[in-house]
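The structure appears below as structure tokens.
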Amino acid sequence: MIIVLLTPKSNFTEQDVRAAAGEGSEKLEFHEVSTIPTRRELKVLNPLPELVTEPTPTLDEIAAQPDVPHQGEPQPAPHVTSEPVRVVVIGEDATVAAVASKLMRIDALWAQLAYVPTGGESAIAHSWGLPEEPGAALEFALTSPPVPTPVIRDDHSIVVLGSAELTGPEGGELYGEVIVDSDTLYHHDRGARGDFTHGVRLVPTPSAPGIAAVQLPSPEQVNRLAKARSGGWWAKFTAGFRPPAEPTILKGRALQAGAREMTVTRDTVTHPRPLKAVTFYRHLRDGQFIRR
């Protein structure tokens, strides 16, 4: 079964997808969804758990067995199903991230997830190494094999596929602290000065441990770094001075952030209200994503 979710801005019609699928076109099932799908639109995925035909360890059972290498290198899904299922999302980063969140919530990450971006610049397409040409991207989504990949989620049960940013209000300074596993990545207090004062960006890694996070520079530091890397007169003039600091990058399985007021943006979608705390971590099950 291939479930195709099309957004209104999709560059492809059902006929285009059937033509690209070739002999497998009879397995296609089409549904239209919003760019940010609603719960009602994603109900089409609710029957997927019924396709599992043999018992599989539950999330609680996995968490209770420290000898299970669930946080090592990503693995193929252990589920046995009555038929393979591939969900192909033709839309934007926000669309496919919402679908991944739905699959996680119904414990159906065994279903293969493919993405055909239609919204221009895409962090997920870049991370997954998807073809830039639309026709090639569609063919890749329909025919390429799945790659086991860590799934990064937060404590709001939202999956991050491309990137997430934690900043102050309106992208300004973030007064707070961010820890990756047990190491402090970011700490900034009101009134303090520093090169990296505007929060952090995290991205999922294609293999263990799951998360890579980097400090976000102040606008002044952005300018200093750009000038220093340009190799022009500014770089020569400042050659004898302290070089601009480079941001710290940390990798780990979890990221915890606490702040006075924090804006959280996941895969282009900003959380509807400021947060004081948020935790991102690797889910116990891996995703089966169509990627390179």
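The values are calculated or read from the model by the stated rules, or taken from the named source; none is laboratory data. Quick caveat, the model's predicted, so the values are computed rather than measured. Methodologically, a virtual Cβ is constructed for each residue, glycine included, from the backbone with ideal geometry; neighbour enumeration extends over all protein chains shown.
Looking at this structure, is Arg40 under 25 Å from Val160 (Cβ atoms) and out of contact with any strand residue (DSSP E or B) (no Cβ under 6 Å at 6 or more places or on another chain)? Write out each step before concluding.
Details: under 25 Å from Val160 (Cβ atoms): yes; out of contact with any strand residue (DSSP E or B) (no Cβ under 6 Å at 6 or more places or on another chain): yes.
Here the answer is yes, as Arg40 does meet what is asked.
Please tell me if Glu29 is over 25 Å from Pro204 (Cα atoms) and over 26 Å from the mean Cα position of the chain (by Cα). Please lay out each step first, then the result.
Numbers: over 25 Å from Pro204 (Cα atoms): yes; over 26 Å from the mean Cα position of the chain (by Cα): no.
Here the answer is no, as Glu29 does not meet what is asked.
Does the stretch 231-244 include one or more residues that are farther than 18 Å from Tyr281 by Cβ, surrounded by 14 or more Cβ atoms within 10 Å (Cβ to Cβ) and at pLDDT 90 or above? Don't jump to the end; show me each part of the working.
So in the stretch 231-244, the residues farther than 18 Å from Tyr281 by Cβ come out as 231-244.
Next, only the ones that are surrounded by 14 or more Cβ atoms within 10 Å (Cβ to Cβ) stay: 234, 238, 244.
Adding the requirement that they be at pLDDT 90 or above leaves none.
There is no residue in the stretch 231-244 that is farther than 18 Å from Tyr281 by Cβ, surrounded by 14 or more Cβ atoms within 10 Å (Cβ to Cβ) and at pLDDT 90 or above.
Are any residues in the stretch 277-292 over 24 Å from Trp128 (Cβ atoms) and either of a type in the set (Asp, Glu) or touching a Lys or Arg at 6+ places or on another chain (Cβ under 7 Å) (or both), and if so, which ones?
If the condition is that a residue be over 24 Å from Trp128 (Cβ atoms) and either of a type in the set (Asp, Glu) or touching a Lys or Arg at 6+ places or on another chain (Cβ under 7 Å) (or both), then no residue fits.
Give the stretch 78-90 a look and list any residue that's in contact with a Leu (Cβ under 9 Å, 6 or more places away or on another chain) and more than 24 Å from Ala137 (Cβ to Cβ), or say none.
Of everything in the stretch 78-90, those that are in contact with a Leu (Cβ under 9 Å, 6 or more places away or on another chain) and more than 24 Å from Ala137 (Cβ to Cβ) turn out to be His79, Thr81, Ser82, Glu83.
Of the residues in the stretch 94-137, how many are farther than 22 Å from Asp154 by Cα, crowded, with 19+ Cβ neighbours inside 10 Å and not polar (S, T, N, Q)? Before the answer, list the steps.
Of all residues in the stretch 94-137, those farther than 22 Å from Asp154 by Cα come to 116-121, 129-137.
Those still in the list that are crowded, with 19+ Cβ neighbours inside 10 Å too: 116-118, 130, 137.
So of that shortlist, the ones also not polar (S, T, N, Q) come out as 116-117, 130, 137.
Matching residues across the stretch 94-137 total 4.
Counting only residues that are touching a helix residue (DSSP H, G or I) at 6+ places or on another chain (Cβ under 8 Å) and not aliphatic (A, V, I, L, M), which one in the stretch 87-104 is nearest to Ala125 (Cα to Cα)? Steps first, please.
Step one: of the stretch 87-104, the residues touching a helix residue (DSSP H, G or I) at 6+ places or on another chain (Cβ under 8 Å) are 87-90, 93, 96-99, 102-103.
Pick out the ones that are also not aliphatic (A, V, I, L, M) and you get 93, 102.
Numbers: Asp93: 8, Lys102: 20 Å.
So, considering only residues that are touching a helix residue (DSSP H, G or I) at 6+ places or on another chain (Cβ under 8 Å) and not aliphatic (A, V, I, L, M), the one nearest to Ala125 (Cα to Cα) is Asp93.
In this structure, does Ile290 turn out to be modelled with pLDDT of 95 or more, among the aliphatic types (A, V, I, L, M) and farther than 20 Å from Glu165 by Cα? Steps first, please.
Working: modelled with pLDDT of 95 or more: yes; among the aliphatic types (A, V, I, L, M): yes; farther than 20 Å from Glu165 by Cα: yes.
Considered against the rule, which asks whether it is modelled with pLDDT of 95 or more, among the aliphatic types (A, V, I, L, M) and farther than 20 Å from Glu165 by Cα, Ile290 comes out as yes.
If you take the residues of the stretch 58-85 that are modelled with pLDDT of 95 or more and touching a helix residue (DSSP H, G or I) at 6+ places or on another chain (Cβ under 8 Å), which of them is surrounded by the fewest Cβ atoms within 10 Å (Cβ to Cβ)?
Ranking the candidates gives Glu83 first.
In the stretch 32-42, how many are exposed (fewer than 12 other Cβ atoms within 10 Å of the Cβ) and within 22 Å of the chain's Cα centre (by Cα)?
We begin by selecting, within the stretch 32-42, every residue exposed (fewer than 12 other Cβ atoms within 10 Å of the Cβ); these are 38-40.
The next check asks that each one be within 22 Å of the chain's Cα centre (by Cα); those that pass are 38-39.
Going through the stretch 32-42 one residue at a time, the tally reaches 2.
Can you name the residue in the stretch 187-205 that is within 21 Å of the chain's Cα centre (by Cα) and not small (Gly, Ala, Ser) and is also farthest from Ala97 (Cα to Cα) among such residues? Lay out the reasoning, then the answer.
Start the filter on the stretch 187-205 by keeping residues that are within 21 Å of the chain's Cα centre (by Cα), which leaves 198-205.
Checking which are not small (Gly, Ala, Ser) leaves us with 198, 200-205.
Working: His198: 25, Val200: 20, Arg201: 17, Leu202: 15, Val203: 13, Pro204: 12, Thr205: 15 Å.
The residue in question is His198.
For Thr205, state whether it is touching a Pro at 6+ places or on another chain (Cβ under 7 Å) and modelled with pLDDT of 95 or more. Talk me through it step by step, then tell me what you get.
Values: touching a Pro at 6+ places or on another chain (Cβ under 7 Å): yes; modelled with pLDDT of 95 or more: yes.
Yes.
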